[in-house]
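Report on the following structure.
Just so it is clear, none of the values below were taken in a lab; they were calculated from the coordinates. Predicted model only: the values in this text are computed from it and were never measured. Note that we place each Cβ from the backbone using ideal geometry, even for glycine, and neighbour counts take in every protein chain shown.
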Amino acid sequence: MTSCLDFTSKYSEPVSPGLYAHNPEYFSSFKPRIHKDSQQSSDASIQCQIDVLGKENLGALMGILNTHGDLTALSYPFCPPDRLALAAYLTELVFIHDDADYRENIHTRKFESDSEARDQALKVGNYAPEWVNEARNKQVIAKVMYNVTKMDEKRGRKFFKAWESWKLAEKDYADVEAQRCESLEKYLTMCYDMRGCRWGLALARFVCELDLTEEEEAKVLPLTQIAMQIMTLHNDYYSWEKENAFYYASEEKRPVSNAVALYMKLYSIPIERAKAEVKAKAIETEQRYLLAKKEFLKDEANPPLATLRWLEMLEHLITGHMLWCLSCPRYYEKPNNRYLDYYRLRSEQGYTFADDCTRLGSFTSSQIGFDGDSPASSSHIWNRTTGANGYQRGHCHDKNGIITLSLFCTGGLRARFRHF
């Protein structure tokens, strides 16, 4: 039987302690690992930006790329190589959508061209400019939906459902509900239910091909919730400056949903003290997780391997995300465009990125393929029509039946599947 250690070590290696051990901003007891094929995930991140934004706008929005390893390679070191490029491409796409709020900003055009407010908005990601290609965006979404469900239909459906639920809840409820929270506990519960926690877990299930039984799921749920609380606190701690800038760039029209802002409001304390409180709470919550895990393993004399893998997966999500947050250009302004830097480096090494990868059955130019044909191949019928209410529908007919994909024209995601 495969051991729990083999689950991760097969595809990854430890991150050098020199990158985090003496950094006071790394305050987790977990030790990060990085995928052995991390270059593949970074290549997929670049390709996603090219496909959505075009080479001429590479790095206009900051996603998962980072000097010490991209978010996918650090958070999913257990990912089988045949899913890594797809996972990175997906995560980059989600981050682009998170920043370019199509449904609101493409139509409202809040900022005048070449204005200082527009420039600031671009930096913090709340303005979708003219160079965001709507047609390409729809092609990218259709492509990833096709390939995810083709590779793993059950987990793929759960992933897209979680993505859609997250974005709808965030748009309609999460920001408003965050302002009503009267305690950190209520805020963290709201984040688990309405923010990106369930999406992240759904992607992790897909990436590592891991499912728990209903009984196993119920037993491990308290630990899962604590782990997501840790990640939420980490996310809010590191992203505070970006979210605060976002608030002011939106002319104070979009509320800040962040634990730092909550501490400031509840206790009337300045920013730096509020950040210190969030950091302390994150450390305290991680210790609570470790104690709860110890008790869980004590009570479970012979826990299933899937459960042990699930806990290990949670811990890698925590530590990978934290290490990425330490220096990612998404949260910290850098003198150079890291996306352009990486693109030029890979080009000098002889790697060629496709000008448009949306009609290929791959996610890193022509290097990473999938079994079977792509949506654009001749053995499938891939019809595209634009219907009423701004939907584009793509019908992919294959031996398994019909998958119907419904996408908002303005970039918001809605996934509907029909199988016959």
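The fewest-to-most ranking of Ser38, Ser16, Ser327 by surrounding Cβ atoms within 10 Å reads Ser16, Ser327, Ser38.
Close amide H partners of Ser12, meaning residues 5 or more places away or on another chain with modelled amide H under 5 Å apart, are Lys36. Distance from the C-alpha centroid of the range 260-279 to that of the range 292-320: 32 Å, rounded to the whole angstrom.
In a DSSP loop and with at most 16 other Cβ atoms within 10 Å, the trypsin sites (Lys or Arg not before Pro) in the range 1-89 are Lys10, Lys36. Counting neighbouring beta carbons within 10 Å and listing from fewest to most, the residues Lys167, Lys281 come out as Lys281, Lys167. A cut-off under 9 angstrom between Cβ atoms defines the neighbours of Ala259, and their net charge, with Lys, Arg +1 and Asp, Glu -1, is -1.
Centre-to-centre separation between the Cα atoms of the range 174-244 and those of the range 7-75: 21 Å.
For the cross-link pairs Lys55/Lys265; Lys186/Lys298; Lys167/Lys334; Lys154/Lys281; Lys36/Lys275; Lys10/Lys298, the ones whose C-alpha atoms lie over 31 Å apart are Lys55/Lys265; Lys154/Lys281; Lys36/Lys275.
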